[in-house]
Amino acid sequence: MKRPAFLTAAAAALLAAATASAQTPTVEARIVPDSIGIGDTFTLEIDVERDQVQVTEFPLYENDDKLEVVQSLPVDTLSREGRRLRLRKRYVMQAFSEGRYNLGRPGVLYADKNIIDTLYTSDSLRLDVGTFQIDTAKQTIYDLKPQRTLPLRAEEITGYLFGGLFLLLNLAALLFAQERDCPRPEEAARDFVDPEKGVETVEDALQGASDIIAEQISDDAAIRKSLRALISRQGQLVSRAATEDDSVYRLYYDFTQSVARLQGHQVLAINRGEKEGILKVTVALDREQALPLLRRAVVKPGSAAMEFVKSAAEDAYDRLIFPSLEREVRNQLTEQADEGAIGQFALNLKPLLMQPPVKGKVTMGLDPGYRMGCKVAVVDGTGKVLDTAVVYPTYGERQKNEAIAALATLIKKHGVEHIAIGNGTASRETEQMAVELIRQVNEGGAHVSYMIVSEAGASVYSASKLAAEEFPQYDVNLRSAVSIARRLQDPLAELVKIDPKAIGVGQYQHDMPQKQLDEALNGVVEDCVNAVGVDINTASPSLLQRVAGLNGTTAKNVVSYREENGAFTSRAQIKEVPKLGPKAFQQCAGFLRVPESKSVLDNTAVHPESYEAAKALLALSGHTLADVKEGKLADLPDRVKAYGEDKAAGKIGVGVPTLRDIVSELLKPGRDVRDELPKPILRTDVLEMKDLKPGMVLTGTVRNVIDFGVFVDIGVHQDGLVHISQVSNKFIKHPSEVVSVGDVVKVVVLEVDEKKKRISLSMKQAK
C-alpha cells in the first residue's frame with residue numbers, strides 16, 4: 001500500500017506514544033568550547049527533556065559566510081525514566097571570522113495534543129572567535145555579530161500537525177495505547193480519514209499509523225539494548241563469495257561464525273574483502289528469537305489493536321531496528337578489531353626496535369632485484385656510507401661471477417664483516433651468490449657472515465622526502481641498500497624513519513585509523529629511547545629528533561657536525577653543535593650516550609648536572625670512576641643502604657629518587673639493554689625450501705606475531721608459520737603470551753608445500 005506522501009521519515013519520528021497530559025518540555029543549550037580560534041570547530045549541544053506524548057523538532061542551521069555547519073549529528077537518547085525522555089542534538093560548527101557571536105536562545109518546536117509552540121533556552125549563547133586573547137574590557141575592538149537565526153521550518157511542521165500528520169499521530173497514539181475499550185483498528189481509522197488533509201482511505205490511515213508506531217518502537221532505547229545483547233550472544237557474521245574467481249579471501253567464501261567468537265583478524269580480513277567487492281557480508285539472527293522479545297515489550301494481550309501493534313512491531317524490526325543494529329554490530333566489531341590490531345602492532349614493534357644491534361662493524365647492504373640488478377651499499381660502524389655499487393648476479397653465470405668479484409673487492413677495501421640481504425624480490429638468488437662470495441673471501445682469511453633482513457618499508461623510505469634529504473646524492477635504489485645495511489647495525493635508529501603501516505609487524509596496517517597507529521608508534525619509540533638511550537655517534541636525525549630538547553633542525557645539525565668532525569668524544573662537545581643552546585643541552589644530555597668519551601659518565605644516563613653528585617657518591621662509598629669503567633661496583637647498593645639512603649642523598653646534595661637513579665646507572669656504564677637479548681643469527685651457508693624435510697629441527701628468528709600464529713625466519717626465503725596450536729604445550733589465548741618479535745626459537749618442520757610456498761612449523765614439538 002502506498003504511504004501518504006507527506007509522511008516523511010523525519011516527521012514520522014515525531015510520534016506521541018500516549019494521549020495523557022504531559023509537562024511542558026525543558027530546553028537547555030551550551031557551546032563547547034565557547035572560545036576558539038578562526039577555523040577551529042566547536043559543538044552546539046541542545047538538550048530537551050519531554051514526555052513521550054510530546055512531539056519536538058530541533059532547529060535547522062544554514063551555512064553563511066561566518067559560520068559553517070560541519071556536521072549535524074543524530075539525536076541521542078540520554079536517558080529514559082518512565083514516560084520522561086532526555087534527548088540531545090549536537091551540531092559541529094566552524095567559524096571563519098574573528099569576533100563575538102551571539103547565537104541567541106536556541107529553541108525547539110513542540111506539539112502536545114492541540115498545542116503548538118516554540119520553547120527557548122533561558123540564556124543566550126555567545127561564542128568568542130579570535131586570533132589572540134580576547135580583552136573583554138575593550139568591547140570596541142570586536143564586532144558584535146547579529147543574533148544567529150535558527151530556522152525551525154515552523155510553517156511546514158505546523159501545516160503537518162494541523163493536517164494529515166496530526167490525524168495520524170492521534171490514531172497511532174490511540175492504537176498503540178491498546179486500551180481495553182480500544183475499537184478495532186479498521187473502525188478507529190474511519191474517524192481519521194480526511195481526503196482534504198491527505199488521508200484519503202482507511203488503508204492510508206492505518207498505514208500511516210503503523211509507520212509512526214514502527215518509528216516509535218525503533219526509537220525505544222530499552223528495546224534496542226535488549227536486541228543488541230541478543231545479537232551479541234546469538235548473532236552470526238556470515239560471509240559469502242561475490243565472485244567465482246579464486247582469491248586470497250577464499251577462506252571466507254562460505255564463512256559463518258558467532259559474533260561472540262569472531263577473531264579480530266577474521267573481521268579485518270572480511271572487511272577488506274567486502275571493500276574490494278569480493279565478499280558479501282551480513283549479520284544473521286534468527287528472527288523467531290528476536291520477535292518474541294519485541295512483542296513482550298510493546299504488545300498488550302486482550303486489546304483489539306494487539307495484532308495491529310504486533311504487525312507494526314515486526315515491521316519496525318525488519319525495516320528499521322535490525323538494519324540499524326547490524327550496522328552498529330559491524331562497527332563495534334571493526335572498532336574492537338582495530339584496537340586489537342593496533343595493540344598487537346605496538347606489542348610487535350617494541351621487540352623489533354629493541355633487537356640487538358650489530359655495533360661498530362662495517363656492513364654491506366644488498367637490496368636484491370632482477371631487472372634493476374642488486375643494489376649495494378657499504379657503511380661504516382656509524383652508518384656513514386663508504387661506497388655504493390650495482391651488480392647483476394641474476395643475469396647469468398658470467399654476470400654472477402663478475403658480481404662476486406666486484407663485491408669481494410669492496411669487502412677487502414673496506415674491511416666488511418657482515419652482509420645484510422633484503423628479503424624481497426630475487427632474495428634467494430642473491431643469498432646463493434652471497435654464500436659463494438663469503439666462501440671465497442673467508443678462504444682468503446676474512447671473517448664475513450650474512451643475515452637476511454626484513455626490507456618491509458625500505459622502498460617506502462627510499463622514495464620519501466626524508467631519504468632524499470638524507471641522501472640527495474644517491475638514487476632511490478641505493479638509498480634502500482643503505483637502509484638495509486643500517487637495519488642490521490641498529491634497528492631502532494633506522495626503523496623510526498619508516499611509515500608505521502609499512503613496517504610489516506602487524507595485520508592490516510593500511511586499514512587502521514592512521515592517527516591511532518601513529519600514536520602507538522610514537523609511544524613505543526619513546527619507551528625504547530628512554531630504555532636504551534641514544535648513541536649520538538650512530539643515531540639518525542629521525543631518532544635524534546625524538547629526544548627531549550631536540551627538534552628536526554638540531555637533530556640534522558648533530559649529524560652534520562658528526563660527519564664533518566668525526567665521532568663525538570664527550571657530552572660537552574654537543575654544545576658546539578649549531579643552534580643547540582644551553583636549554584636544549586640541559587634537556588637532551590641525559591638521553592645521549594657518548595661511548596667514545598674518556599669520561600665513563602658520558603656513557604650513562606647520569607645527567608651532567610649530577611656528575612658532581614655521582615663523584616661525591618663514589619667517594620663516599622670508597623670507589624672511583626675507574627671502578628665504574630671496570631665494573632667494580634657490585635657492592636655499591638649495599639654500601640649506600642648501610643650508610644642510609646636519606647643520609648647519603650643529603651650528603652651529596654640530591655633527593656633519594658635521584659640517588660637511586662645514579663646508583664643504578666653507575667652499575668651499568670655503556671650497557672645497552674638490548675645486549676642482554678639473544679643475538680641475531682648470522683649465517684655463512686644457504687638453506688633452500690627443497691632442503692627442508694619434516695622432522696628437521698632448526699633455529700629461527702620470530703618475524704611477526706599475529707592472532708593465529710607466529711612467522712619464523714629459518715633461513716629460507718619464505719618465513720615458516722607456527723600455528724597457535726603449535727606454539728605451546730599449554731593453552732594460550734594469543735601467541736604473544738609465549739614469544740615476541742626478535743626472539744630466537746627452536747622449531748620442528750611439520751610440512752613443506754613448495755608449490756604454495758608454505759612451511760608449517762612447530763615450537764612445542766621442538767622442546
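Bear in mind that the values in this text are calculations on the coordinates, not laboratory data. Remember, predicted model here, so these are calculated numbers, not experimental data. Note: ideal-geometry Cβ built from the backbone for every residue, glycine included; neighbour counts use all protein chains shown.
Helix 476-489: angle to the longest alpha-carbon principal axis of the chain, degrees 0 to 90, nearest 10?
Relative to the chain, helix 476-489 is tipped by roughly 70 degrees.
Between Lys598 and Ala626, how many nm apart are label points set 7 Å from Cα along the C-beta direction?
About 1.5 nm separates the two model spin labels.
Could you let me know the centre-to-centre spacing of segment 249-324 and segment 713-767, using Cα atoms, in angstrom?
If you average the Cα positions of each part, the centres end up 38 Å apart.
Could you give the nm distance between label points at Ser560 and Gln71, where each point is 7 Å from its Cα heading toward the beta carbon?
4.3 nm
Students often forget the sequence filter, so: which aspartates and glutamates lie under 15 Å Cα-Cα from Lys575 once same-chain residues fewer than 8 apart are removed?
Within the straight-line limit of under 15 Å, Lys575 reaches these aspartates and glutamates: Asp602, Glu609.
With 10 angstrom as the radius, rank Thr425, Thr26 by how many other C-beta atoms surround their C-beta, starting from the fewest.
By the 10 Å Cβ count, ascending, the order reads Thr26, Thr425.
For segment 197-274, what does the equivalent ellipsoid look like in terms of its semi-axes, each the square root of 5 times an eigenvalue of the Cα gyration tensor, given largest first in whole Å?
40, 19, 9
Per DSSP helix of 4 or more residues, -39500 (n - 2.57); summed, then divided by the residues of the chain. What does that give at 222 nm, rounded to the nearest 500?
So the helix-based figure for the chain works out to -11500 deg cm²/dmol.
In nm, what is the difference between 0.36 nm times the number of residues separating Lys359 and Val248 and their Cα-Cα distance?
Residue separation times 0.36 nm, minus the Cα-Cα distance, leaves 35.9 nm.
Report the gain in length on full extension from Ser664 to Asp638: 0.36 nm times residue separation, minus Cα-Cα distance, nm rounded to one decimal.
So the chain would gain 8.1 nm between Ser664 and Asp638.
On a straight-distance basis, which lysines could pair with Lys746 in a cross-link, Cα separation under 16 angstrom, same-chain partners fewer than 8 positions away excluded?
Lys679, Lys693, Lys764, Lys767
Using a Debye calculation, one point per C-alpha and no hydration shell, please list log10 I(q)/I(0) for segment 211-331 at q = 0.12, 0.15, 0.21, 0.22 Å⁻¹ in order.
Log10 of I(q)/I(0), two decimals: -0.52, -0.72, -1.08, -1.14.
Sort 593-602, 56-65 by packing, meaning the average of other beta carbons within 10 Å per residue, with the highest value first.
Going by the mean number of other Cβ atoms within 10 Å, highest first, we get 593-602, 56-65.
How far, in degrees from 0 to 90, does helix 287-298 lean away from the longest principal axis of the Cα atoms of the chain, to the nearest 10?
50 degrees
Kindly count the pairs of lysines across segment 284-436 whose alpha carbons are less than 28 Å apart, treating pairs on different chains or eight or more residues apart as eligible.
For segment 284-436, qualifying lysine pairs total 22.
Using the basic label-point model (7 angstrom from Cα toward the beta carbon), what is the Asp753 to Tyr370 distance in nanometres?
2.3 nm
Where does helix 552-565 land angle-wise versus the long Cα axis of the chain, in degrees 0 to 90, nearest 10?
Relative to the chain, helix 552-565 is tipped by roughly 10 degrees.
Between Asp191 and Arg272, what is the FRET efficiency for a Förster distance of 41 Å, r being their Cβ-Cβ separation, to the nearest 0.05?
After rounding, the FRET efficiency stands at 0.15.
Taking the C-alpha atoms of segment 432-530, how large are the radius of gyration and the largest Cα-Cα span, Dmax, in Å?
Reported Rg and Dmax, both Å: 16.6, 53.
For segment 290-338, what's the radius of gyration and Dmax over Cα atoms, in angstrom?
14.6, 50
For the chain, what are Rg and Dmax over the alpha carbons, in angstrom?
35.6, 107
Express in whole angstrom the spacing between the alpha-carbon centres of segment 650-670 and segment 466-488.
If we compute the Cα centre of each part, the gap is 41 Å.
Specify, per residue and in Å³, the volume enclosed by the convex hull of the alpha carbon atoms belonging to segment 347-486.
108 Å³
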